[in-house]
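Engineer: Below: one structure in structure tokens.
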Amino acid sequence: MTDHEDTRERVADVCRRLAACGLVNAEAGNVSVRVGGEVVVTATNARFVELTADQVCVVDLAGYRLSGDLEPTSELALHLGIYRKFGTSAVVHTHAPMATAVGLVVEELPCVHYYMLKLGGSVRVAPYSTWGTSELADSVLTALDGRSAALMANHGAVTHARSLDAAVEQALLLEWACTLYHRAASMGTPRSLDEVQQQAVVTAALARMNNAPAPTSGETS
Ligand code: 13P
């Protein structure tokens, strides 16, 4: 076990970035990254705008605190549940304004743009439960089935990914998709992509990946 100093710094950087992007307000939200069997996670009540590495703790996958002076986030069960269920490596929970607003009025954010396939397509809204409860964690885990993002009714949003940067990108993409949906819905009924259109995007993306020319010497990916 180490105290993961570099990773705690990276988590703190990400939190300040999320605050600068307007995705979190005050001490709302939490972030974690899994390093092997250990999880580096924000402390409860940490203010994102000024969050520092000493406000980031280390726990094991059972939630036992290994280092850090502060209590881990009240949503630890949600973070650990995501790692256990999806085997992923980073989780970002925000109270992003547009994602939260959309989650107040729809049961599911339809797949209105092909970029949403990076999130798994349409984004489900997990039913409301009190913050920090196992009921909330369970309903969000269900909403995340086959997806890397979920909205949380009357609460916020969560994304997960294989890296911390990717989980943040997913959170930004989700907020962008919610903003797009909101703008379209204010003008009429947004058209969504049907299953066939979505599958064609996945097929095109896979074909492009498989046909991508090998990097020439000296080129980095
Ligand atoms: P923590 O400060 O305990 O992380 O809780 C904030 C939050 O967003 C609860 O859902």
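The values are calculated or read from the model by the stated rules, or taken from the named source; none is laboratory data. Keep in mind that what you see is a predicted model, and the values were worked out from it rather than measured. Positions of Cβ are generated from backbone atoms using ideal geometry, with glycine treated the same way; all protein chains shown enter the neighbour counts.
Engineer: Under the condition of being farther than 22 Å from VAL105 by Cβ and in contact with an Asp or Glu (Cβ under 9 Å, 6 or more places away or on another chain), which residue from region 128-145 is nearest to the ligand (Cβ to nearest atom)?
Structural biologist: Filtering first and then ranking leaves GLY132.
Engineer: Can you tell me which residue is nearest to CYS111 (Cα to Cα) among those in region 174-192 that are surrounded by fewer than 14 Cβ atoms within 10 Å (Cβ to Cβ) and either in contact (Cβ under 8 Å) with a residue 60 or more places away in the chain or of a type in the set (Gly, Ala, Ser) (or both)?
Structural biologist: If we filter region 174-192 for residues that are surrounded by fewer than 14 Cβ atoms within 10 Å (Cβ to Cβ), which is where we start, we get 183, 186-189, 191.
Filter once more, so that each one left must be either in contact (Cβ under 8 Å) with a residue 60 or more places away in the chain or of a type in the set (Gly, Ala, Ser) (or both): 186, 188, 191.
Working: SER186: 17, GLY188: 16, ARG191: 9 Å.
That would be ARG191.
Engineer: Of the residues ALA177, ALA171, only one is closer than 26 Å to ARG16 by Cβ, part of a helix (DSSP H, G or I) and within 16 Å of the ligand (Cβ to nearest atom); which?
Structural biologist: That would be ALA171, the only listed residue that is closer than 26 Å to ARG16 by Cβ, part of a helix (DSSP H, G or I) and within 16 Å of the ligand (Cβ to nearest atom).
Engineer: Going through region 42-65 one residue at a time, which ones are near the ligand (Cβ under 9 Å from one of its atoms), in contact with an Asp or Glu (Cβ under 8 Å, 6 or more places away or on another chain) and closer than 19 Å to ILE82 by Cβ?
Structural biologist: Correct list: ALA43, THR44.
Engineer: A follow-up question, please. Could you list, ordered by first residue, the pairs with Cβ atoms under 8 Å in which the first is in region 113-137 and in contact (Cβ under 8 Å) with a residue 40 or more places away in the chain and the second is among the β-branched types (Val, Ile, Thr) and within 16 Å of the ligand (Cβ to nearest atom), at least 6 apart or interchain?
Structural biologist: LEU119/THR159; LEU136/THR130
Engineer: Quick one: would you say ARG183 is modelled with pLDDT of 95 or more and not in a helix (DSSP H, G or I)?
Structural biologist: no
Engineer: Restricting region 1-16 to residues that are under 15 Å from SER32 (Cβ atoms) and not acidic (Asp, Glu), which is modelled with the lowest pLDDT?
Structural biologist: Checking each candidate, the answer is HIS4.
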